[in-house]
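Everything on this sheet refers to the single structure shown next.
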4 protein chains.
Amino acid sequence: MILELQSDLTPETKSELLMKLRALGWEYRELPPTDVQRIGILDEAVHDEEACRRLPGVVRVLAVRSPYKLASREMHPAGTLVRAGDVVIGGRRIVVIAGPCAVESREQALSIARRVQQDGAALFRGGVFKPRTSPYAFQGLGEEGLKILAEVRQALGIPVVTELTSPLQADRVGACTDIVQIGSRNMQNFELLKCAAHLGKPVLLKRGFAATIDEWLLSAEYLLFEGNGQVILCERGIRTFETSTRNTLDLSAVPLLKRITHLPVIVDPSHATGIRDLVIPMGRAAIAAGADGLMVEVHTDPEQALSDGMQCLFPDQFRSLMQDLRAIAPVVGRVFD
Amino acid sequence: MILELQSDLTPETKSELLMKLRALGWEYRELPPTDVQRIGILDEAVHDEEACRRLPGVVRVLAVRSPYKLASREMHPAGTLVRAGDVVIGGRRIVVIAGPCAVESREQALSIARRVQQDGAALFRGGVFKPRTSPYAFQGLGEEGLKILAEVRQALGIPVVTELTSPLQADRVGACTDIVQIGSRNMQNFELLKCAAHLGKPVLLKRGFAATIDEWLLSAEYLLFEGNGQVILCERGIRTFETSTRNTLDLSAVPLLKRITHLPVIVDPSHATGIRDLVIPMGRAAIAAGADGLMVEVHTDPEQALSDGMQCLFPDQFRSLMQDLRAIAPVVGRVFD
Amino acid sequence: MILELQSDLTPETKSELLMKLRALGWEYRELPPTDVQRIGILDEAVHDEEACRRLPGVVRVLAVRSPYKLASREMHPAGTLVRAGDVVIGGRRIVVIAGPCAVESREQALSIARRVQQDGAALFRGGVFKPRTSPYAFQGLGEEGLKILAEVRQALGIPVVTELTSPLQADRVGACTDIVQIGSRNMQNFELLKCAAHLGKPVLLKRGFAATIDEWLLSAEYLLFEGNGQVILCERGIRTFETSTRNTLDLSAVPLLKRITHLPVIVDPSHATGIRDLVIPMGRAAIAAGADGLMVEVHTDPEQALSDGMQCLFPDQFRSLMQDLRAIAPVVGRVFD
Amino acid sequence: MILELQSDLTPETKSELLMKLRALGWEYRELPPTDVQRIGILDEAVHDEEACRRLPGVVRVLAVRSPYKLASREMHPAGTLVRAGDVVIGGRRIVVIAGPCAVESREQALSIARRVQQDGAALFRGGVFKPRTSPYAFQGLGEEGLKILAEVRQALGIPVVTELTSPLQADRVGACTDIVQIGSRNMQNFELLKCAAHLGKPVLLKRGFAATIDEWLLSAEYLLFEGNGQVILCERGIRTFETSTRNTLDLSAVPLLKRITHLPVIVDPSHATGIRDLVIPMGRAAIAAGADGLMVEVHTDPEQALSDGMQCLFPDQFRSLMQDLRAIAPVVGRVFD
């Protein structure tokens, strides 16, 4: 339920209203104002629109039928802008996050970061705690990787994104990154979500590879409910019966999400397809479908990459993709640089 | 296996070669020539490249590892052009097929056809034999619908596409349509495929809603093997666990198919999403991903449509989509009108 | 809607009722009587229970909420018994259909049929028109296979089951088989369903490998609606992301179907798993879950089988499975021989 | 790779062998002895069987082709027995774990535990940290729930199973439970797996709802690799397109797992189906398919349950299921009490 308040609301009436809500035991939040002040009631059990209408100071009531409340478009029609350093995600400008799957060394990270920054990436990505299917696969550089990320960020002035995989790393990851990534396998790791929400950084929430859109938005709701409104959604492919591509990129989710949630939506065509040559066309398609940006894996030497080399773009391919985005952006009412 | 033949091949050596192949009992086809004359060996059991290399007149042998042979890109690197009337599908020009889900009346068909033709559709679609999940749903106008299609085609000079659902209708459908459509539920109705192949018309083969890309190309292979090379593939969404959209449009299939097969690939965003407002962004995305065209449902009165009204574009939306395609086409090296 | 009629209904009132239904334009069927005479209204659009209640001769009205009507349990609470020769499917006795995937020769068919009959199979299965993913795979013996089936049936007195794949074969298949099988790929080949319904033989309807239970029952509804009430449902695995088994056998469908439909349900563990060693445990599990029978592939020489050899039981394994069924049947209130 | 050692191996030769392996930098483990002493090489990169054969003291080499090594059947052909209190899982005796989805109160837990223990449950289950899709759903009693579990265990002498959802709870959960459960959503929460492995308690690892069997065994491999060999696998249904049941119970996984891994396998028909009336038939079927036990939800007042009430058995239904298991166990060579 969304309560729209009188335009001439006095502080007294507002206090009275809030007291009433607390007395009723209803969970509520003050929402980003539109033309009017608004309060969102989060309890799913509250259905009585007429009773809400009669609360002091309320002029209009809007029912939110979705199981997620704070994440619903109705709660914030203007759309959320997420800020990391100078970068704004969710605005008119398309934002590209690029870098290697995993940070492998200082040199590797710096050289890739330089290249992608030159060609148009606004943020640098690089995993240091890698959730790997097999215990025998490269698990990331850990602490050492965090230091490298910090160095990249300082040397190039580019904000960085890296993944958090355990509450035990939270403080250290939070200190070194501009955006905290929650990976696909952890989308429903609710304890990790709560912990990520409290780091005071924007959270990039990847879709679980078998999560419905509703479940995804409910995971975002955990973040919002814990008080962190700076959430970016990242579609990265879902698991289907098709095995020609690593996952099936669900691009239809993009325009659907733009209707039902106010959170920015970006697309990761690298993990979705797992095939280098599909990354460019699917990156283009993502923007054509209305995405706010891309997350793309780039490596200067994909053949030697310690993880996911098959899907990394060569730097020249990345540049070519950026050119395509420059051309497509105006068609969908966006700008690129 | 593809056998490339000597550039100065004499008719005698060629006869000798073909005789040898027949003696070996190998299924083969003469392929569309590239720089050189080529013969394709279709038997999966033939693996001995060296033995092929020693056949008379052969200069080079190329193994085709996919289970489909005639449909593989290697068999026809230049790509297939499908022709229906004056329309060419698979060339530089993007082609749009539009019309109602089902033909409902002479007036409905004619008025929609006029609108979509004006706004840029190259072909008109309209189902007359409708495969419906429930026996209680509208099953199409049948014979009467075929007559209406014939009239639309004659009145407006627009080629038409309609679906064939049984060998028993084949002659009548073949006589009234420019392209024979095989629907998703019939993609592995192999007896129908054989029958469609023999009608002397191009075949638009929709992907089965739970078919892998390999299975889809093997169904195309049935058509090619029966002697019909004029085949268009149409991605229309696959069934996944996600229920927010009717199907999950597998757009990654588009650039993948462009690499592994020579057949044109179009996309149907209407059936894929089942939601009117997603058709425009996903239509744009399909072209950005490299599709050769779209198949889109349009209705002048979607609320009253006898089937699939929820996903039909209003004529004005269709016009707006066509504008977007005009803008996107050059980005991907294509033209629209 | 189900209308229960007065116990002392006069022929005059009944005529009046039927006339009224026709006047209303409602599709209806007289249902198998329970304690009372009953009439089923098939139109989904008829929702007004009160209006139905006021029709002449009606004492009680039962709404059927499922999209399938004739197939719903409510229409025939006692359950349907399907009869093929002396065999009854859907009764207390568990019924096993066994034989090779494809009829390959007179000798092969006869020798396998003899073995499975001895060990407890009530019906013999063998494909002669084989729907194969690839045009290069063995397509079945066709006509010649039908003659072999006819011979097996006459020589051993065992009823046979074979698949129909096209309306063009319908008369010949109908003449040679005791049960007409509709394969998984044809579950939504509605023209074939209509044609199969009219052959005057029971129909074994396999679940489409990506069909929901509702869609499956709607396909059964096509058969019932065309006047053929002798329908057996066969669960044979669905397509999922798991590739360790050929399909994922959906055994939960069995107890669910027993609740929502009156049609007998059997299970095919051979196609479902695609792995010989899983057929016995899954055959046992199917009966434990409440299935009315099994369809199992058996071959005297699986290594040489022209199709699906990997999943065929050796005759000794088949005998061992039959022993297990004898032991499990009483636990679920059934008998085996 | 598995190295089988000489039967008359001297301590000197063994030392030499181990030194060599360390020098090669190969990860290895001493395996449970069969007739012979065995050493498992875990590195996937080690492929040279001949080189392994020449190592000191080695008489035979067995390649393990699966990506998981320690979890593969070859590593421990006799099968693992997991022990919790007096209960042995994976032996001849079928083991049932029962209890409510969530611990709701002292009284609720005690009364349900008493009932299920009387009727044949060997272990009590009850969630106290509940991973819930929505932040607005009941999240479990937490600490207070752990105390109740400890009381149940002491009062009734029944070992208990409860779920761990964060490394931050690990010590407290480890102190109160006999088996640590890793839930479906956390199957690939690798940091949690590492943490659970070190608690010195058996781990019950539920299958991720979209995990392949290979991925599941690789998650088990994390536990084994961290030194905890006491792992139970629990199949609980996978996500598919079918929505009639909550998940699709993949029972074929049971006999498949029994062939490829030495770990015990149990089945949770409650979460799998989500429908109370399907729990009994699917519980029976699981045992018929070869499962080592069941995990079943039981509640004395399902209508009032704070989570998953729809799928909880009434105590009388649980008793009836136990009777069925008593009857089926001997058919599959097992005992129940």
Do we have A:ASP308 as within 14 Å of another protein chain (Cβ to nearest Cβ) and not hydrophobic (A, V, I, L, M, F, W, C) here? no
Can you name the strands (runs of 3 or more DSSP E) wholly within the range C:16-74 that have at least 1 residues being of a type in the set (D, E, K, R), more than 14 Å from every other protein chain (Cβ to nearest Cβ) and surrounded by 18 or more Cβ atoms within 10 Å (Cβ to Cβ)? C:38-41
It is to be established whether one or more residues within the range A:299-309 are of a type outside the set (Phe, Trp, Tyr), touching a Ser or Thr at 6+ places or on another chain (Cβ under 7 Å) and crowded, with 24+ Cβ neighbours inside 10 Å. no
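Filter the helices (runs of 4 or more DSSP H) completely within the range D:187-271 down to those with at least 2 residues that are within 23 Å of D:PRO77 (Cβ to Cβ).
Working: elements: D:190-197, D:213-225, D:253-260.
The helices (runs of 4 or more DSSP H) meeting that bar are D:213-225, D:253-260.
Per-residue answers, yes or no, for (1) closer than 23 Å to C:PRO264 by Cβ; (2) modelled with pLDDT under 90; (3) of a type in the set (Asp, Glu):
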site	(1), (2), (3)
C:GLU12	no, no, yes
C:LEU17	no, no, no
C:LYS20	no, no, no
C:VAL46	no, yes, no
C:PRO67	yes, no, no
Those residues of the range B:319-336 that are farther than 21 Å from B:GLY79 by Cα and more than 14 Å from every other protein chain (Cβ to nearest Cβ) come to a total of 1
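May I ask you to verify whether C:GLY99 is under 30 Å from B:LEU70 (Cα atoms) and not basic (Lys, Arg)?
In short, no.
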Those residues that are aliphatic (A, V, I, L, M) and assigned to a strand (DSSP E or B), I need them from the range A:279-310; list them, please. A:LEU294, A:MET295, A:VAL296, A:VAL298
Residue under question is C:LYS206, and the condition is that it be under 11 Å from the mean Cα position of the chain (by Cα), more than 9 Å from chain B (Cβ to nearest Cβ) and closer than 16 Å to C:CYS234 by Cβ; does it hold? yes
Answer yes or no as to whether B:ASP316 is in a helix (DSSP H, G or I) and more than 8 Å from chain A (Cβ to nearest Cβ). yes
What number of residues within the range A:45-75 are touching a residue at least 60 places away in the same chain (Cβ under 8 Å) and among the hydrophobic types (A, V, I, L, M, F, W, C)? 7
Before we move on, is B:VAL203 assigned by TED's automatic domain parsing to the domain that holds B:THR273 and in contact with a Ser or Thr (Cβ under 9 Å, 6 or more places away or on another chain)? no
Kindly list, by first and then second residue, each pair from a residue in the range B:16-29 that is in the same structural domain as B:ALA45 (by TED's automatic domain parsing) to a residue that is part of a helix (DSSP H, G or I), limited to pairs with Cβ atoms under 8 Å and residues at least 6 apart or on different chains. B:TYR28/B:LEU18; B:TYR28/B:LEU21
Could you check, for the range B:97-119, whether at least one of its residues is assigned to a strand (DSSP E or B) and not small (Gly, Ala, Ser)? yes
C:GLU221 - would you say it is among the charged types (D, E, K, R), touching a residue at least 12 places away in the same chain (Cβ under 8 Å), within 9 Å of another protein chain (Cβ to nearest Cβ) and surrounded by 24 or more Cβ atoms within 10 Å (Cβ to Cβ)? yes
Going residue by residue through the range C:245-264, is there one that turns out to be at the interface with chain D (Cβ under 7 Å from one of its Cβ atoms), β-branched (Val, Ile, Thr) and either surrounded by fewer than 24 Cβ atoms within 10 Å (Cβ to Cβ) or more than 20 Å from the chain's Cα centre (by Cα) (or both)? yes
State the number of residues belonging to the range C:269-282 that are more than 9 Å from chain D (Cβ to nearest Cβ) and touching a Leu at 6+ places or on another chain (Cβ under 7 Å). 2
Any residue at all in the range A:225-240 that is free of Cβ contacts under 8 Å to residues at least 24 places away in the same chain, crowded, with 22+ Cβ neighbours inside 10 Å and either in contact with a Cys (Cβ under 7 Å, 6 or more places away or on another chain) or farther than 20 Å from A:LEU70 by Cα (or both)? yes
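Restricting to the range C:286-308, count the residues that are in contact with a His (Cβ under 8 Å, 6 or more places away or on another chain) and at pLDDT below 90.
Going through the range C:286-308 one residue at a time, the tally reaches 2.
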Return yes when D:ALA78 is farther than 17 Å from D:ALA220 by Cβ, in contact with a Ser or Thr (Cβ under 8 Å, 6 or more places away or on another chain), in contact (Cβ under 8 Å) with a residue 60 or more places away in the chain and surrounded by fewer than 18 Cβ atoms within 10 Å (Cβ to Cβ) and no when it is not. yes
From the options D:GLY237, D:GLY227, D:GLY290, residue that is within 14 Å of chain A (Cβ to nearest Cβ), small (Gly, Ala, Ser) and more than 22 Å from C:ASP214 (Cβ to Cβ): D:GLY227
If I go through the range C:126-144 residue by residue, how many of them are touching a residue at least 12 places away in the same chain (Cβ under 8 Å) and assigned to a loop (DSSP other than H, G, I, E, B)? 11
Within the range A:178-197, is there a residue that is at pLDDT below 95 and surrounded by fewer than 24 Cβ atoms within 10 Å (Cβ to Cβ)? no
Pairs where the first residue, in the range B:32-44, is in the same structural domain as B:GLN6 (by TED's automatic domain parsing) and farther than 18 Å from B:GLU221 by Cα and the second is of a type in the set (S, T, N, Q) and surrounded by fewer than 14 Cβ atoms within 10 Å (Cβ to Cβ), C-beta under 7 Å, 6+ apart: B:VAL36/B:SER7
Scanning the range A:145-161 for residues that are under 24 Å from A:LEU325 (Cα atoms) and either outside the structural domain of A:LEU306 (by TED's automatic domain parsing) or not in a loop (DSSP other than H, G, I, E, B) (or both) gives A:LEU156, A:VAL160, A:VAL161
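Among the residues of the range C:154-168, count how many are within 26 Å of C:GLU107 (Cβ to Cβ) and surrounded by fewer than 19 Cβ atoms within 10 Å (Cβ to Cβ).
4
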Any idea how many residues of the range A:81-95 are surrounded by fewer than 24 Cβ atoms within 10 Å (Cβ to Cβ) and either out of contact with any strand residue (DSSP E or B) (no Cβ under 6 Å at 6 or more places or on another chain) or not basic (Lys, Arg) (or both)? 10
State all residues of the range D:102-153 that are within 14 Å of chain A (Cβ to nearest Cβ), under 20 Å from the mean Cα position of the chain (by Cα) and crowded, with 22+ Cβ neighbours inside 10 Å; if no residue qualifies, say none. D:GLY127, D:VAL128, D:PHE129, D:LYS130
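The values are calculated or read from the model by the stated rules, or taken from the named source; none is laboratory data. Being a predicted model, the structure only gives us computed values, none of them experimental. So basically every Cβ, Gly included, is an ideal-geometry build from the backbone, and we count neighbours across all protein chains shown.
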